[in-house]
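Contents: one structure, followed by commentary.
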Amino acid sequence: MKVLDKTISQLTIPTPFAVGDTHVYLLKGDKLSLIDAGVKTKEGWEALKTQLNELGYAPNDIEQIILTHHHPDHIGLIEGFPRAQTMAAHRNAAPYLTRDEAFFAHYEQFFQQFFVACGVPGALMPSSGELRGTMHFAGKGQLTDMLDEGDTLPGHDDWHVIETKGHAQSHLSFFRKSDGAFIGGDHLLHHISPNPLMESPIGKETVRPKPMLQYRANLMKCRSLAIQTVYPGHGDIFSDVGDLIPLRLHKQEQRAEKVYAFLQEKAQTPFELCQQLFPKQYENQLNLTMSETIGQLDYLEDEGRVTETLKDGVYVCDAVK
Ligand SMILES: [Zn+2]
């Protein structure tokens, strides 16, 4: 637990995931709010309660919950605050929070079809229920406030909402102009680059989002803000945003060059590319490795350097020479 200034404290919650600990922020303003809510485990809840206690509060004192995005390690413990009347997040977080069955069915159907079109063999297809399985560590609830770019946080009108989709289609960050404080969820992390993850079309959308392009655009948007201090969802608090953003963009471009080089050798399906890029991980981490592959392909296609052609129902990607 760290008291960072008069209004922000950082609480650190263990997770059973590879990412390690996740940070939750207690924000004091007209309301007492919790930004994000760790992961739903007994250890997580104990850690949250203990650290709140050290700050002089109990779960009952929390009046609002505000979420940066819908991933289980950020929404786990939302059910533990009976007095929190407000739950605010991007509207795209809603179906995960309510466990909207129609949405989950649509999501799974989308990935079945999309993976077939990417050349993923039947034996590796994600089983139905895989998405629901990951929700085991997530809390359940109902949004009361839908936040989007340009809004201010309820109860904290000095904090502005910055839409930062890419890592998740519900991703928001929160920025306080007066001192450049930035609560960045998983958009800006110091020690790792977040994965822009594939998701199905959501809400009124009919085509799939392109998370890598969103992520890059939102990095550039953040570069134009006068960010002084990043309070991230994982890892250390940091200030060198001016160096970090160009580095993240550059590293991604380098990874894209590797993809382009493979395609210069021969045209291939997204899945074949994924196997070449991640020979050791693709079987066990298909979603993650395919997300990275598709992300790089979307980027190269956007740059006009790769074409994708549907042949017999499967995409074949080729380098533009
Ligand atoms: Zn996340």
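The values are calculated or read from the model by the stated rules, or taken from the named source; none is laboratory data. Values in this document were obtained by computation on a predicted structure and should not be read as measured data. Ideal geometry is used to build each Cβ from the backbone, glycine not excepted, and the neighbour counts take in all protein chains shown. With ligands, DNA and RNA removed, areas are computed over all heavy atoms of the protein, side chains included. Shrake-Rupley method; radii C 1.70, N 1.55, O 1.52, S 1.80 Å.
Out of the total accessible area of segment 252-319 (probe 1.4 Å, heavy atoms of protein only), what percent is carbon and sulfur? Please report the intermediate quantities before stating the final value.
Numbers: 1480 of 3410 Å².
Ligands and nucleic acids excluded, carbon and sulfur reach 43 percent.
To the nearest whole percent, what portion of all C-alpha pairs in segment 252-319 is separated by more than 21 angstrom?
On the way: 362 of 2278 pairs.
Counting pairs separated by more than 21 Å, the tail of P(r) holds 16 percent.
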Legend entry - Around LEU11: net Lys/Arg minus Asp/Glu count, Cβ-Cβ under 13 Å: -2
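Only four residue types carry charge here, +1 at the Cβ of Lys and Arg and -1 at the Cβ of Asp and Glu. Report the dipole size of the chain about the Cα centre in Debye, rounded to the nearest 20.
Numbers: 30 positive and 42 negative charges, 23 e Å.
Dipole magnitude for the chain comes out near 120 debye.
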Inset, instruction - Any chance you could give the angle, 0 to 90 degrees and rounded to 10, that helix 286-302 forms with the longest Cα principal axis of the chain? - result: 70
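Please pull out the direction-averaged projected area of the chain, using the convex hull of its alpha-carbon atoms, in nm² to one decimal place. Could you put the intermediate results ahead of the total?
On the way: hull surface 64.6 nm².
So the mean shadow area of the Cα hull is 16.1 nm².
Express the accessible area of the chain per residue in Å², computed with a 1.4 Å probe while the remaining protein chains stay in the model.
Values: 14130 Å² over 321 residues.
On a per-residue basis, 44 Å².
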Inset, instruction - Take LYS321, project a point 7 Å from its Cα along the Cβ direction, then tell me which residues of segment 229-264 have their backbone nitrogen under 11 Å from it. - result: 264
Legend entry - Ellipticity estimate at 222 nm from DSSP helix runs (n ≥ 4, -39,500 (n - 2.57)) divided over the chain, nearest 500: -10500 deg cm²/dmol
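Relative to the present Cα-Cα distance, how much length would full extension add between LYS311 and LEU124 at 0.36 nm per residue of separation? Please report the intermediate quantities before stating the final value.
Working: separation 187, 0.36 × 187 = 67.32 nm, distance 2.08 nm.
Computed gain between LYS311 and LEU124 is 65.2 nm.
To two decimal places, what compactness ratio does segment 1-148 give when its Cα radius of gyration is scaled by 2.2 N^0.38 Å?
On the way: Rg = 17.2 Å, N = 148, 2.2 N^0.38 = 14.7 Å.
After normalising by residue count via 2.2 N^0.38 Å, the value is 1.17.
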Inset, instruction - For ASP5, ASP312, give the ranking by accessible area with the largest first, probe 1.4 Å. - result: ASP312, ASP5
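So between LYS221 and ASP240, what do we pick up on full extension, going 0.36 nm a residue minus the alpha carbon distance? Provide the component values of the computation, followed by the final result.
Working: separation 19, 0.36 × 19 = 6.84 nm, distance 1.58 nm.
The span from LYS221 to ASP240 would gain 5.3 nm if fully extended.
Compute the relative contact order of segment 221-321 as a whole-number percentage, counting only Cα pairs closer than 8 Å that sit 6 or more residues apart in sequence.
On the way: 92 pairs, mean separation 24.8, N = 101.
Once normalised by length, the contact order is 25 percent.
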Inset, instruction - Identify, among ALA84, TYR25, LEU11, the residue whose Cα sits farthest towards the positive end of the charge dipole of segment 1-92, taking +1 on the Cβ of Lys and Arg and -1 on the Cβ of Asp and Glu, with the dipole about the Cα centre. - result: ALA84
Inset, instruction - Would you mind checking the tilt of helix 42-54 against the longest principal axis of the Cα atoms of the chain, expressed as 0 to 90 degrees and rounded to 10? - result: 40
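Note down the relative contact order for the chain as a percent, whole number, built from C-alpha pairs under 8 angstrom at least six residues apart. Before the final figure, lay out the partial values.
Working: 619 pairs, mean separation 44.1, N = 321.
For the chain, the relative contact order is 14 percent.
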Inset, instruction - Using only Cα atoms, find the angle between the long axis of helix 241-265 and the longest principal axis of the chain, and express it within 0 to 90 degrees, rounded to the nearest 10. - result: 20
Inset, instruction - Set the Förster distance to 25 Å, then compute FRET efficiency between GLU46 and MET146 from the Cβ-Cβ distance, nearest 0.05. - result: 0.20
Inset, instruction - Would you work out the relative contact order for segment 81-156, in percent, from Cα pairs under 8 angstrom that are 6 or more residues apart? - result: 58
Inset, instruction - Consider a paramagnetic label point 7 Å from the Cα of THR98 along Cα→Cβ; state which residues of segment 196-224 have an amide N under 17 Å from it. - result: 202-205
